[in-house]
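The values are calculated or read from the model by the stated rules, or taken from the named source; none is laboratory data. From a predicted model like this one, the values you see are computed outputs, not experimental measurements. Because the Cβ atoms are built from the backbone with ideal geometry, glycine has one as well, and the counts that use them run over all protein chains shown. We work out accessible area using only protein heavy atoms, side chains counted, and drop any ligands, DNA or RNA first. Shrake-Rupley method; radii C 1.70, N 1.55, O 1.52, S 1.80 Å.
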Amino acid sequence: MQSVGTFELARPLAADLLYRRCDPRELPFDLCTELVEAPGPIGQERAIEAVEFAIRMRRKGYNVFAIGGSGTGRHAVVEDLLRHHAGKEPTPPDWCYVNNFEDAQRPRCLSLPPGRAAGFAVAMDRLVTELRAALPAAFERDEYRARRDVVEQQFKARSEQALGALQQHAGQHGITLLRTPAGLALAPTRDGKVMAPDAFETLPENERQTIEREMEALQGELETTMRQVPQWEREHRDAVRDLNREISGFAIAHLMEEIRAAHADLPDVAAYLDAVEHDVKDNVDDFLPQSAPQTGSPVPAAVEGEAESTRFRRYRVNVIVDNGGKTGAPVVYEDNPTHQTLVGRVEHIARFGALVTDFNLLTAGALHRANGGYLLIDAQKLIAGNYGWPSLKRALNAGEIRIETLEQLLSMATTVSLAPQPIPLRVKIVLIGPPELYYALSANDGEFPDLFKIAADFEDRVERNADTTLLYARLVCAVSRREELRPFDRGAVARVIEQAARLAGEADRLWTGMRGITDLLQEADQLAADAGKKIVGAPEVQAAIDAQFRRGDRIYRRMQEEIGRKTIRIETDGTEIGQVNGLSVISLGGLAFGNPSRITARVRLGRGEVVDIEREVALGGPLHSKGVLILGGFLGGRFGGTRPLSLNATLVFEQSYGGVDGDSASAAELLALLSALADAPIDQSLAITGSVDQRGQIQAIGGVNEKIEGFFDVCRLTGLSGRQGVIIPASNVKHLMLRHDVVEAAAAGRFRILPIDTIDQALELLTGIPAGLPGEDGRYPAGTLNERLAARLDAFTARAVALARAVSGTGSAL
């Protein structure tokens, strides 16, 4: 540093401070394949500790929210941890749904040891097949027919006996019992023949009345007898049913005992088989040949087959979770977490023009498949999913999985549907999402803190030192092997490590996001393949980096082109009063690039207001507006102690047609304002970035590399003169990882990077005038910039006082 006035004038940074190289000679290998793969993710000890604690914690609510940015490898890290632990845990049971013979709308769930549900379903299908053969055979035997004939004869004899007695009694009175199409009727007889109505009318009155009285009495007896017939028929049906149950019981006994013996260790299955046996006996007719309908047209084969299949669906077993052949607890990732994909679905089939359903149409959700293990879900998809988040919370709070339609969930169902028995839930949920979503749920969802008590916060960068550098090289080795890439030599690995520092935005940090690094390695491998190389070197890695930028830099190149054509005015030489080159960053997709902007200021007599034109037209964001308000605080603190600030100032980003936010241009805006106020020209060959506080201290900003490179590209368009450069906060020096062409230009003295700590240093660099410090009397030395600023403000104040007096005098005269 050299002294100018009362401040240290910043000197350009040396080239080795602009880019921290990774010397390939310090890497202890020739090819990365010589290294042992990295044992795990780099720098994620805190997150891994949180996940492992949650795995051990088997109490309610200890689910995990994995916090981190996209591409940090959260999913892969968490899934690897879960699979490692899941392999040591017991395999959870199978689950299936069966018919509830008491209420078909409420299917029962059965839990079976892993791998046995599928066998049980096959056994039930085989049982039905055998029953369909055994039962008809049993009912075709002579023994059954003989016993059935006895029952029929008993019923017939009973009826005939009752009617015979009535007939005999009637005959004693000259009356007979007739069978007519309309039923049984009584009629008088004469000489053993039924009397015609005309002949009956010719009988004497006394005789007719006697016959009519006897017929009325017999009619009462007939009605009494006929009222007993339904009871006899019921008794007949009961006798037939008991006979059928007895015969079917003998026919199926050995079949039922066989399937019971195979599942004797499962009480719930045994109870279900008892219900099956009872239902088969009650509905044995379903297993017997069906008589053809008494219609003129035959039944279509498809309809007949559908009806036959429907009769036996109630005996099937719907296996919704089959853990047979699996080892350990399940680890499931659900990429579409909606209500139905999480808790299951009730499906329907079209049958005879209507949609119908039964327990066979229940399908499992992710919670069923992960039950007894772990379920990973993307938190953003879950919140955006169709009622996925409320359904998940409901299942976790209740500790059970309830399959229901959305209409049932929302109490909008107007038709009868299934209400399956809930399945007990024992699962560990891991949500993966960004920090913003985690904090929003924590603040706004009262159930969230009770259900997700563990936060696994993933780092996006780690300290860059010798140990992490070698660990990163081992990580490159692991990725290249996993993706089956060509070997990377030490130069390629060194360039990857340098790019990891650039992605981290700091020279002494390394980016831990695996997506970007993996993409880079794969693309470099492809470029090596295109060149016919068997080993990937640093040129291929650099070419891949350049290609990534080139694929997305159309807008950036268009803006550079318009600056070169003077359509967008950016000055890179000469001086201007009240104008400074500010720098901002534009992000488009995955690409960020620097964008120079011309910031101008105008001052006039006023009431001490600094007007942000961007804010006035609703283009300025809150952070930018805050930065502009800080400028007023700086002016008031430095110059307002002994005088009122009688000025108005306006600030604007020239040729800006979009929104502006952030405070990284506040130092540039303050310099433009001070230049306009002091009438001091600013060197246009320099650009500046940095925020400023009310005391004039320059503060660090983001995107410093992109901002420097953006102005460098503009200067290269007009020709590098050696005077051009960028002024940055000294606290941003550690973040520098500039492009090689920028570093080379700086090393050759054709471009400068100047670090500063205060606004006064920037003033001296940009104007060439000493800033000056106040003396004991509060005055600034003559010839300094601050003295010129104070004098201009005094002039504004004096002019304001004079105008006020003039207005006051005019008022008195009036």
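Brief remarks on what is shown
- Residue in region 421-433 that is surrounded by 21 or more Cβ atoms within 10 Å (Cβ to Cβ), in contact with a Cys (Cβ under 6 Å, 6 or more places away or on another chain), closer than 30 Å to A354 by Cβ and hydrophobic (A, V, I, L, M, F, W, C) present: yes
- Those residues of region 361-382 which are assigned to a strand (DSSP E or B) and touching a Phe, Trp or Tyr at 6+ places or on another chain (Cβ under 9 Å), in sequence order: L362, L375, L376, I377, D378
- Residue pairs meeting the criteria (Cβ under 6 Å; at least 6 apart or on separate chains; first of a type in the set (A, V, I, L, M, F, W, C), in region 233-245; second open to solvent by 60 Å² or more (accessible area, probe 1.4 Å) and modelled with pLDDT under 75): none
- From the options V603, V617, residue that is modelled with pLDDT under 90, surrounded by fewer than 16 Cβ atoms within 10 Å (Cβ to Cβ), farther than 30 Å from D489 by Cα and of a type in the set (V, I, T): V617
Residues checked against (1) in contact (Cβ under 8 Å) with a residue 40 or more places away in the chain; (2) hydrophobic (A, V, I, L, M, F, W, C):
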| site | (1), (2) |
| --- | --- |
| A50 | yes, yes |
| Y62 | yes, no |
| A66 | yes, yes |
| A86 | yes, yes |
| N99 | yes, no |
| R116 | yes, no |
| Q153 | no, no |
| K156 | no, no |
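- Just one residue in the set E776, E744 is modelled with pLDDT of 90 or more and either surrounded by fewer than 20 Cβ atoms within 10 Å (Cβ to Cβ) or part of a helix (DSSP H, G or I) (or both); that residue is E744.
- Among residues of region 352-373 that are farther than 15 Å from N336 by Cα, those with a Cβ under 6 angstrom from a residue that is among the basic types (K, R) and assigned to a strand (DSSP E or B), sequence gap 6+ or separate chain, pair up as T363/R345.
- Counting only residues that are assigned to a loop (DSSP other than H, G, I, E, B) and open to solvent by less than 20 Å² (accessible area, probe 1.4 Å), region 519-550 holds 1 of them.
- Residue within region 657-672 that is charged (D, E, K, R), under 46 Å from the mean Cα position of the chain (by Cα) and open to solvent by less than 10 Å² (accessible area, probe 1.4 Å) present: yes
- Residue satisfying all of: in region 780-795; small (G, A, S) and either in a loop (DSSP other than H, G, I, E, B) or touching a strand residue (DSSP E or B) at 6+ places or on another chain (Cβ under 6 Å) (or both); surrounded by the most Cβ atoms within 10 Å (Cβ to Cβ) among these: G783
- I563 vs. criteria open to solvent by 40 Å² or more (accessible area, probe 1.4 Å), farther than 25 Å from D30 by Cβ and touching a residue at least 60 places away in the same chain (Cβ under 8 Å): no
- Selection count, region 707-741, where residues are open to solvent by 10 Å² or more (accessible area, probe 1.4 Å), among the aliphatic types (A, V, I, L, M) and in a loop (DSSP other than H, G, I, E, B): 1
- Where L503 falls short, out of the listed (1) open to solvent by 50 Å² or more (accessible area, probe 1.4 Å); (2) in contact (Cβ under 8 Å) with a residue 40 or more places away in the chain: (2)
- The listed residues are R799, R792, R779, R739, and the only one of them that is without any contact (Cβ under 8 Å) to a residue 60 or more places away in the chain, farther than 29 Å from Y19 by Cα and not β-branched (V, I, T) turns out to be R779.
- Region 434-456: number of residues that are surrounded by 15 or more Cβ atoms within 10 Å (Cβ to Cβ) and either small (G, A, S) or under 21 Å from R515 (Cβ atoms) (or both): 5
- Restricting region 32-79 to residues that are hydroxyl-bearing (S, T, Y) and assigned to a loop (DSSP other than H, G, I, E, B), the residue that is least open to solvent (accessible area, probe 1.4 Å): T72
- Flag for F29 being of a type in the set (F, W, Y) and either in a loop (DSSP other than H, G, I, E, B) or crowded, with 17+ Cβ neighbours inside 10 Å (or both): yes
- Hey, L288 open to solvent by less than 40 Å² (accessible area, probe 1.4 Å) and at pLDDT below 90 or not: yes
- For region 339-360, a residue qualifies if it is more than 21 Å from A395 (Cβ to Cβ) and outside any loop (DSSP other than H, G, I, E, B), and the qualifying residues are I349, A350, R351, A354, L355, V356, N360.
- Screening R74 with (1) over 20 Å from E436 (Cα atoms); (2) within 21 Å of the chain's Cα centre (by Cα); (3) of a type in the set (K, R) gives one miss only, at (1).
- Of the numbered criteria (1) aliphatic (A, V, I, L, M); (2) open to solvent by less than 20 Å² (accessible area, probe 1.4 Å); (3) in contact with an Asp or Glu (Cβ under 9 Å, 6 or more places away or on another chain), the one A473 fails is (3).
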